[in-house]
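Rule-based calculations on the coordinates, nothing more; no lab input. Note that the coordinates shown come from a computational prediction; the quantities given were computed from them, not determined experimentally. Because the Cβ atoms are built from the backbone with ideal geometry, glycine has one as well, and the counts that use them run over all protein chains shown.
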Amino acid sequence: MANLFGYIDPGSGSLFLQALAGGVAAVGVFLKVYWRRLKRFLHIGKPEDESSESSPS
Amino acid sequence: MTDAAGTLSGLEPGSFRDPDSRVFTSDGRVLRLLSEQGLADWRQLASSPLFQELVGEGRLVATEELVERAAFPDAIHGGVAGVLEHDVIPFVSYPYEWSFEMLRDAALLQLGILRRALESGMVLKDSTPYNVQFRGAAPVFIDVGSFEPLREGEPWAGYRQFCMLFLYPLLLQAWKDVPFQPWLRGSLNGITPQEIRNLLSLRDRFRRGTLTHVVLHARLEQRYEEKEADAKDELKKAGFKHELIVANVKGLEKLIRRLEWKQGSTVWTDYGLETTYSADDAERKARFVTHAAASELPHLVWDIGCNEGVHSRIAADYADHVVAMDADAAVVDRLYRKLRDENDRKILPLNVNIVDPPPALGWSGSERQHLPKRGRPDLTLCLALIHHVSIGGNVPVAEFLEWLRVNTGSLVIEWVAPEDPMAHRLLARKGPGEHPDYRTDWFERCLAERFDVVRSEVLAEGKRTLYLARSKA
């Protein structure tokens, strides 16, 4: 993966939390994380190319 | 790294965590070795207007890239690609020696720099108060190696560290009136989300900021402790943007600005007002310190038991830097606020109890240094202190003077005789004969064995005596 985090462990929980601590727009992102998980669980939608979205660093 | 130990001797022992950047000192200069990635990040920062602004405002340590490349230790895995030189910080201090207001100012500095970095397409890769130092009463961000290019869609990697080392310690003190210093001294990583959650009461849970930064944070952390999740990838695909980090940072700034430590009146905060000194004696004492500072012309002064900082200020007129230490956090907080309002750049107030001084901490016991290792004072002031050390703290008079002999050049020490009301009060709390060495003749003998006494002056009708003395090698 091209864009790893730095030398500290940011903690997965602390990262997801930031989709709650950034105001209304952030909560939208948080809900979307769960919406995507639900879709994936129900096998709805087209399969994704996992590597296509990593941005250059 | 395959270097011989000798070539690594100048490396700053606390700087090993970031593989792209390593600090080392050489002949009093502070240099930073960079990896290829570190060098690229530095050049992006150096070419941005933000860098000039932050340095100009005194918020970021002045830094230059060096052209010379010889004789630098090969302490970067993959090779040293570049070297920077930083302005020297006069005396290194750590968050467990700061007062509430100092940690708060350091937190706001960190957040302000992060917010502005985000607006300039950069981010800080960590969020630790060890990246902040004080020049007098002014905080300055020292970790130039912390800046890196922003990768859109990624959350703030340093958020957890910010909470553990800045936010939770401040909440602990503001909301529970529990001093954060022992917690930060106890763990260099700070307080975890679960720990602070367990410390807060039901009422605290309704305070602003608790729900997200503490309660939900702790819950999410517990939830993902065992579970594999690519948080970064999931957030990115759900549309996470750097504006959300900015919003979070602004929220944290607001929260931290509103925190307040309502310290009660401690024994010492009122001390300046009720000393046993007559006005005449106080003036003679000030004059004695003035003459001592003028004759010793010290680079660095320690004022141990500084209280209101009256004598630190006198010494600062003749010295380059003064470290004003007191065991009472409220006293230090008050002194810091005053110095900050005066824009002081010479006097560094620290919350230090000299009977239990900050030890060497961290990896190999050298990541954070023992107090005397951070700069030997040319002059130390111990005014109205020895009765607290020797009677209150039970340190034998001879041992205290020996410690001073080893750790200072010159010394101004005030002997507080057992007949003095303050010493008498402390002695009265102990059993009879508990401090057989607390005697004027014994003190003078111990002092003369370890120091050359230059002059002395009797105050308070013989109950107190000031000495200027120079340490015997």
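Listed values, structure above:
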quantity: Exceeding the 25 Å Cα-Cα cut-off - candidates B:K176/B:K430; B:K285/B:K463; B:K254/B:K346; A:K32/B:K250; B:K254/B:K338; B:K430/B:K463; calculated: B:K176/B:K430; B:K254/B:K346
quantity: Only Lys, Arg (+1) and Asp, Glu (-1) charged, at Cβ; segment B:286-439 dipole about Cα centre in debye; calculated: 200 debye
quantity: Ratio Rg/Rh, restricted to segment B:114-258 and using Cα atoms, in which Rh is the Kirkwood radius; calculated: 0.96
quantity: Efficiency of FRET from Cβ geometry, B:K262 and B:R455, R₀ 60 Å, rounded to 0.05; calculated: 0.85
quantity: Residue-wise HN-Hα coupling along segment B:383-399, computed from phi with Karplus coefficients 6.51, -1.76, 1.60 (Hz; x: Gly, Pro); calculated: 9, 6, 10, 4, 5, 6, 6, 8, 8, x, x, 6, 7, x, 3, 5, 5
quantity: Unit charges on C-beta of K, R, D, E only; dipole of segment B:5-88, Debye; calculated: 160 debye
quantity: Net lengthening on full extension, B:S295/B:S364 (0.36 nm per residue, minus Cα-Cα); calculated: 20.8 nm
quantity: Peptide-level mean, for B:212-225, of C-beta atoms on other protein chains within 10 Å; calculated: 4
quantity: Positive dipole terminus of segment B:126-265, leading residue within B:A231, B:V140, B:F180 (C-beta point charges); calculated: B:F180
quantity: Simple Cβ-charge dipole of chain B, Lys/Arg +1 and Asp/Glu -1, about Cα centre, in debye nearest 20; calculated: 1200 debye
quantity: Nonlocal amide H pairs with B:A384, under 5 Å, H built at 1.01 Å; calculated: B:E414
quantity: Shielding by partners, peptide A:32-41 (average Cβ within 10 angstrom, other chains); calculated: 2
quantity: Using θ = phi - 60° and Karplus 6.51 cos²θ - 1.76 cosθ + 1.60, couplings along segment B:17-23 (whole Hz; Gly, Pro as x); calculated: 5, 8, x, 8, 7, 9, 8
quantity: Span from the segment B:337-402 Cα centroid across to the segment B:61-136 one, whole angstrom; calculated: 24 Å
quantity: Cα convex hull volume per residue for segment B:394-473 (Å³); calculated: 83 Å³
quantity: Ascending count of other beta-carbon atoms within 10 Å, so fewest first, for B:W175, B:W98, B:W156; calculated: B:W175, B:W156, B:W98
quantity: Under 5 Å, built H, 5+ apart or other chain: amide partners of B:F451; calculated: B:K472
quantity: Neighbour count of at most 13 Cβ within 10 Å plus DSSP loop: longest trypsin sites (Lys or Arg not before Pro)-free window in chain B; calculated: B:263-428
quantity: Anisotropy class of the protein assembly as shown from Cα gyration tensor, a/c 1.5 cut; calculated: prolate
quantity: Chain lengthening between B:K430 and B:W403 when straightened (0.36 nm per residue, less Cα-Cα); calculated: 7.3 nm
quantity: Positive-end extreme of charge dipole, chain B - chosen from B:L50, B:L167, B:F206 (charges on Cβ); calculated: B:F206
